[in-house]
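Have a look at the structure below before the remarks.
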Amino acid sequence: MDALPALVVIVALVALATALGLVLRSRSVRVAKGCGGDEHELVVPGAEVTLVQLSSPVCSACAAMRRVAGELVASDSTVAHREVDVLDDPEIARRHSVFSTPTTLVLDHEGHVRARLIGAVPPADVRAAVEAARSRLVAA
């Protein structure tokens, strides 16, 4: 086989793999809404919205998400934050199909999961998920 046809095939395969990767990446959701499920026992009493962060000891992004949640809680007294180690409570990770940490569940005051945040999500996205959960409370 000549070098030129082999090079064309290699370039075509790289281009196809890149295009496929970009399509898959654009379809991945870091903030999923309306996840369903109930977690009544994890709701912080008195909070309109509870952020339940599912973490693990080897998670480097968990500290960033903990900081984002802490800042939001400090600025909004109706929001609470609770952290759960998935090694201590693997059942909750199984119930919500958690495959990476941090995964943060946004719960309304009744314990309904209103959003699921995957990874270290930017503060604006966390606020938007909290506001969406809060607006569903008003609509209900």
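In segment 96-108, of all residues being closer than 15 Å to HIS40 by Cα and modelled with pLDDT of 90 or more, the one that is farthest from the chain's Cα centre (by Cα) corresponds to ASP108. Summed over segment 68-116, residues that are among the basic types (Lys, Arg) and in contact with a strand residue (DSSP E or B) (Cβ under 6 Å, 6 or more places away or on another chain) total 3. Selection within segment 29-52: residues that are in a strand (DSSP E or B) and at pLDDT below 55. The member of this set that is farthest from the chain's Cα centre (by Cα) is LYS33. Please go through segment 98-123 and pick out each residue that is touching a Ser or Thr at 6+ places or on another chain (Cβ under 6 Å), more than 12 Å from GLU39 (Cβ to Cβ) and part of a strand (DSSP E or B). LEU117, ILE118 - these are the residues of segment 98-123 that are touching a Ser or Thr at 6+ places or on another chain (Cβ under 6 Å), more than 12 Å from GLU39 (Cβ to Cβ) and part of a strand (DSSP E or B).
Could you go through segment 86-100 and let me know if any residue there is surrounded by 15 or more Cβ atoms within 10 Å (Cβ to Cβ) and touching a Gly at 6+ places or on another chain (Cβ under 8 Å). Checked against the condition, which is being surrounded by 15 or more Cβ atoms within 10 Å (Cβ to Cβ) and touching a Gly at 6+ places or on another chain (Cβ under 8 Å), segment 86-100 yields at least one hit. Just one of the listed residues (ALA74, ALA12) is within 19 Å of ALA128 (Cα to Cα) and either surrounded by 15 or more Cβ atoms within 10 Å (Cβ to Cβ) or at pLDDT 90 or above (or both), and it is ALA74. In summary, VAL126 fulfils each of the numbered conditions (1) in a loop (DSSP other than H, G, I, E, B); (2) within 14 Å of VAL52 (Cβ to Cβ); (3) touching a residue at least 12 places away in the same chain (Cβ under 8 Å) with the single exception of condition (1). Do you know which residues across segment 101-122 are without any contact (Cβ under 8 Å) to a residue 60 or more places away in the chain and surrounded by fewer than 15 Cβ atoms within 10 Å (Cβ to Cβ)? Scanning segment 101-122 gives a single hit, PRO122.
Within segment 70-97, restricting attention to residues that are part of a strand (DSSP E or B) and either out of contact with any Ser or Thr (no Cβ under 9 Å at 6 or more places or on another chain) or touching a residue at least 40 places away in the same chain (Cβ under 8 Å) (or both), the residue that is nearest to ARG114 (Cα to Cα) is VAL79.
The values are calculated or read from the model by the stated rules, or taken from the named source; none is laboratory data. A quick note: this is a predicted structure, and the numbers were derived from the prediction, not measured. All Cβ positions, glycine included, derive from the backbone under ideal geometry; neighbour counts span all protein chains shown.
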